[in-house]
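A short write-up of the structure that comes next.
Read-outs: derived from the displayed coordinates by stated rules, not from any lab. Values in this document were obtained by computation on a predicted structure and should not be read as measured data. Every residue, glycine as well, gets a Cβ built from its backbone with ideal geometry; the counts of neighbours run over all protein chains shown.
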Amino acid sequence: MSRFMAYMTPICKLNSDEFKSLYVKREDMIPYSFGGNKARKAFLFFEDIDKGDYDYVVTYGSSHSNHCRVVANMAAERGMKCVIIGPQEVSDSTYNSRMMELFGAEIITVPVNDVSATIDSKMQELTDYGHKPYFIMGGGHGNIGTQAYVECYDEIIEFEKENKIHFDYIFFASGTGTTQAGLVCGQLIHGDDRKIIGISIARKNPRGRDVVIDSIRDYLNGEYSEGEIQDKTIFLDDYTGDGYGVDSTEIQGTIEKSLVMYGMPLDSTYTGKAFLGMEKYIRQNSIADKNILFIHTGGTPLFFDELNKMRR
Ligand SMILES: *Cc1c(COP(=O)(O)O)cnc(C)c1O
């Protein structure tokens, strides 16, 4: 168990006139480095790191990356060196990148097409110099990241039992798909029935959904049938807008409304886009009479980047 798992993130009902039974699981309130799904995943990665004698952690992501911020924080806490390889194309200064700098991470930016080769050469260089680097895939992708969201699913089940409620739908922002893979694995393990709907923030189908399915297969290792996996994996690419990190006035409106009505910060890359997508989906499919859970996957520093752009 990771250290923070002594806590359970809160699930709160939103006071919405339109959606009568809409709840939010506040992963943004995980009590470490502004929380979020990347904190939940990173706790498990660092549990693995702490078992070895690693002196470097290497990962990749843009200057907007919540994952890179959390990993840089956990590395700094341990006095470990952290190397972040990021794409030049998304390297503007943000609150996340400023924190990465504050944590002393070495940030290497290269054209996006060179990221993969740069990771390989950096890992080789560190090993050649006698270091022991640990590599974490971008976004905390991989079975350890998936495990983090199987545990989150367990928390949802526990909440349902305690509060005698059943969520018919679970919505959230889906990026690398690890969060979704963990939730679907949790559902298969528990054998319960509901719709788990990942709202894509960038990727299109079929690739976006295929990546989720690959992660699920990898984690479950042949224990469940292909049909079950296919059946449970719902990845919607209707609400990606103009792509990763691209803002719109509609998303800004959603962010402003959420802050005013629910006191809840959202961001334009992930949670704001997913929340808006969920609202549209609920309306289009007339499912407002069901119990709905939105997972707030974090990204609070991105909310403040957004706030700097907002004008009254
Ligand atoms: C990374 C991220 C996501 C997407 O999670 P994946 O596991 O990569 O699909 C969603 N929301 C926020 C705030 C994130 O930082």
Item to check | Cleavage-rule hits (trypsin sites (Lys or Arg not before Pro)) in segment 1-84: DSSP loop, at most 15 neighbouring Cβ within 10 angstrom | outcome: Lys20, Lys51
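Kirkwood Rh and Cα-based Rg: tell me the resulting Rg over Rh for segment 1-155, rounded to two decimals.
Numbers: Rg = 16.9 Å, Rh = 16.5 Å.
The Rg/Rh ratio comes out at 1.03.
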Next on the checklist: If I model a spin label at Ser93 and Glu250 as a point 7 Å from the Cα along the Cα→Cβ vector, what separation in nanometres do I get?
Outcome noted: 3.4
Checklist entry - Under a no-solvent Debye model with one identical scatterer per Cα of segment 238-312, what's log10 I(q)/I(0) at q = 0.24 Å⁻¹? => result -1.18
Checklist outcome for this item: Here segment 122-138 yields Karplus 3J(HN,Hα) values (6.51, -1.76, 1.60; θ = phi - 60°; whole Hz; Gly and Pro given as x) of 5, 4, 5, 4, 4, 5, 4, 8, x, 8, 10, x, 10, 9, 10, 5, x
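How high is the FRET efficiency from Ala288 to Ser225, r the C-beta distance, R0 22 Å, rounded to 0.05? List each step's numbers first, then the result.
Numbers: r = 33 Å, r/R0 = 1.50.
About 0.10, to the nearest 0.05.
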Checklist outcome for this item: Spelling it out for Val57: with amide H atoms placed in the peptide plane at 1.01 Å from N, the residues 5 or more places away or on another chain with amide H under 5 Å from its amide H are Lys81, Cys82, Val83, Tyr134
Item to check | Equivalent ellipsoid dimensions for segment 62-153 as semi-axes, Å, which come from the Cα gyration tensor, largest first | outcome: 20, 18, 15
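Hey, any idea what Rg/Rh is for the chain, computing Rh the Kirkwood way over Cα pairs?
Working: Rg = 19.0 Å, Rh = 19.9 Å.
Result for the chain is an Rg/Rh of 0.96.
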Next on the checklist: From the phi angles alone, apply the Karplus equation (6.51, -1.76, 1.60; θ = phi - 60°) to segment 223-234 and give each ³J(HN,Hα) in whole Hz, x where the residue is Gly or Pro.
Outcome noted: 6, 10, 6, 4, x, 4, 4, 4, 5, 8, 9, 10
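R0 = 35 Å: FRET efficiency of Lys195 with Asn113, Cβ-based, nearest 0.05? Intermediate values should be presented prior to the final figure.
On the way: r = 37 Å, r/R0 = 1.06.
Computed FRET efficiency for Lys195 and Asn113 comes out at 0.40.
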Checklist outcome for this item: Counting only residues 5 or more apart in sequence or on a different chain, those whose built amide H sits under 5 Å from that of Tyr23 are Leu14, Ile292, Leu293, Phe294
Item to check | Near-label residues of segment 274-290 by backbone N, under 17 Å of a point 7 Å along Cα→Cβ of Asn163 | outcome: 289-290
Checklist outcome for this item: The alpha-carbon center of segment 32-66 and that of segment 232-259 are separated, in whole Å, by 26
Checklist entry - In whole Å, what is the distance between the alpha-carbon centres of segment 95-110 and segment 148-194? => result 33
Checklist entry - Out of Met74, Met261, Met137, any idea which swings most in a Gaussian network model of the chain, alpha carbons joined below 10 Å? => result Met261
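How many percent of Cα pairs in segment 176-267 exceed 23 Å? Spell out each step's value before the answer.
Working: 1509 of 4186 pairs.
Cα-Cα pairs of segment 176-267 separated by over 23 Å account for 36 percent.
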Checklist entry - What list of ³J(HN,Hα) values in whole Hz, one per residue of segment 269-281 in order, does the Karplus curve 6.51 cos²θ - 1.76 cosθ + 1.60 (θ = phi - 60°) give from phi, with Gly and Pro shown as x? => result 7, 10, 5, x, 5, 5, 5, 5, x, 4, 4, 5, 4
Next on the checklist: Please list, ordered by chain and number, the residues whose modelled amide H lies under 5 Å from the amide H of Ile108; skip anything fewer than 5 residues away on the same chain.
Outcome noted: Ile84, Ile85, Gly86
